[in-house]
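This is the structure I have questions about; it appears just below.
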Amino acid sequence: MEDLVALCKRRGFIFQSNEIYGGIQGLYDYGPLGVELKNNLKNAWWKSTVYNRDDVEGLDTSILTHPDVLKYSGHQDTFTDPLVDCKSCGLRFREDQIPEQCIGEELTDPREFNLMFETSVGPIVDDSSVAYLRPETAQQIYINFKNVIDSTSRSLPFGIAQIGKSFRNEITPRNFIFRVREFEQMELEFFVTPGEDEEWHKRWVDERVSWWIDQGIPRDKLELLTVTGDDLAHYSKSTVDIMYQFPHGSEELEGIANRTDFDLGSHTKNQKELNINANVMENNDSNTRLAIQNENNEWIVPYVIEPSAGVDRGVLAIINEAYTIEELPDNKKRTVLKLKKHLSPIKAAVIPLKRNNEDLVKLAHDIKTSLQKFQIGRVVVENTGNIGKSYRKHDEIGTPLCMTIDFDSLEKNTLTVRDRDSMEQKSIKIDDVKQFFMNYFSDESE
Ligand code: GAP
């Protein structure tokens, strides 16, 4: 983990947040390369979850959440962790995460600590201005259920996907970006006919495992854990966690829950109780507001299968898996980030042989511009004049292709392409470079 943290800082993937003022625990910022990697991961999820399917719509909802949403979702009462104090040193921590120095010491009785961040909306601060930063993106999907079916005419089964920030005031954030207080989730709420839920749950577990494999996580580093007893969330009939062997141990990367009709049912019932939007309810046959008509025109509250993945945990797992130190034949070592190419922050570096040589640098920029037009990802010109150093840097940050421009490029219209993993170099015609680049990036499944 220390090596990963150091690499992330040195190369500009991830920084401690608010660092110059001493930092805030459990918050991290993504640097110039981190933002690319994270966006690539989110795009890969969006493509496979929304674009490549015919049964999922997307959504992007507000983070600030009405307190009633979280009251009726159960979060106000149950989204808590047991907090204890060490009577000898005064440290505060989660009852199930006792720090070494407090093992064997006398602890206070555990009290339930709610993990939600509360804030206030508008200039007057009183009970009616309270709002929460959402602790999961899912609730906003549920309360938009009717908006989505009315505007898209969907029928079951279908899903609503969202990627966005969630906030939890974790008692003990730890392990770099594994457990933080502000993080991103990629969540799908997949609505199905009750009775078909268990079959869909299995299908989604398989789908999600195979997606992580496509992101470069080997199957043997993943484990499926059926969550039982007290660990099961208040809304879940059954949950399967995809566990990954992080540097600090095997822990949850994604959870796939069968949330039944808990959330839609709860919001529906309470809309009626609160007499909100009564006219809408009447159109929908009184108490079935967050409901959908089945093929027999009956209004039903569907069940929900929810694959919910952490973006930050995904980034950590992917960097950890890609991080490789290779022995070279000359007894030297090289660090190489063997990222899947669709995830690489930089797709190609174009390197003029001589720094600031006008013709070489101009040609390099022309090639960069022509490749950038494909919108496959970022292409950079590396105007350092040091080819070896540029290769080492781009190996370390996972750039799959380096393209060197030398004097032959000017005379013979060729450039040298170097492959990150094999380190093989070959000469190609500059006229063919666009086609080469396109072919190279189009042959990988996402
Ligand atoms: N909507 C369901 C839900 O939020 P969860 O198991 O609490 O379920 C889903 O969270 C995923 O979100 C986790 O598998 C994890 O990847 C990520 N996650 C949860 N809490 C996190 C935290 N404090 N820091 C980073 N990621 C977190």
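Quick one: which strands (runs of 3 or more DSSP E) lie wholly within region 216-263 and hold at least 1 residues that are away from the ligand (no atom under 13 Å from the Cβ) and of a type in the set (Val, Ile, Thr)?
222-227, 249-260
Here's something else I'd like to know. Of everything in region 142-200 that's of a type in the set (Phe, Trp, Tyr) and assigned to a strand (DSSP E or B), which residue is nearest to the ligand (Cβ to nearest atom)?
PHE183
Within region 314-322, can one find any residue that is within 15 Å of the ligand (Cβ to nearest atom), outside any loop (DSSP other than H, G, I, E, B), small (Gly, Ala, Ser) and surrounded by 15 or more Cβ atoms within 10 Å (Cβ to Cβ)?
Within region 314-322, one or more residues are within 15 Å of the ligand (Cβ to nearest atom), outside any loop (DSSP other than H, G, I, E, B), small (Gly, Ala, Ser) and surrounded by 15 or more Cβ atoms within 10 Å (Cβ to Cβ).
How many of the residues in region 288-303 are β-branched (Val, Ile, Thr) and in a loop (DSSP other than H, G, I, E, B)?
Number satisfying all stated conditions: 2.
Going through VAL50, VAL69, VAL84 one at a time, which residue ends up being assigned to a helix (DSSP H, G or I), crowded, with 16+ Cβ neighbours inside 10 Å and over 23 Å from the mean Cα position of the chain (by Cα)?
Criteria check complete, one pass: VAL69.
Within region 10-47, count every residue that is in contact with a Phe, Trp or Tyr (Cβ under 6 Å, 6 or more places away or on another chain) and part of a helix (DSSP H, G or I).
Qualifying residue count for the region: 3.
Throughout, read-outs are computed from the coordinates displayed, never taken from laboratory work. Not measured: the values here are computed from a predicted model. Positions of Cβ are backbone-derived with ideal geometry, glycine not excepted, and every protein chain shown enters the neighbour counts.
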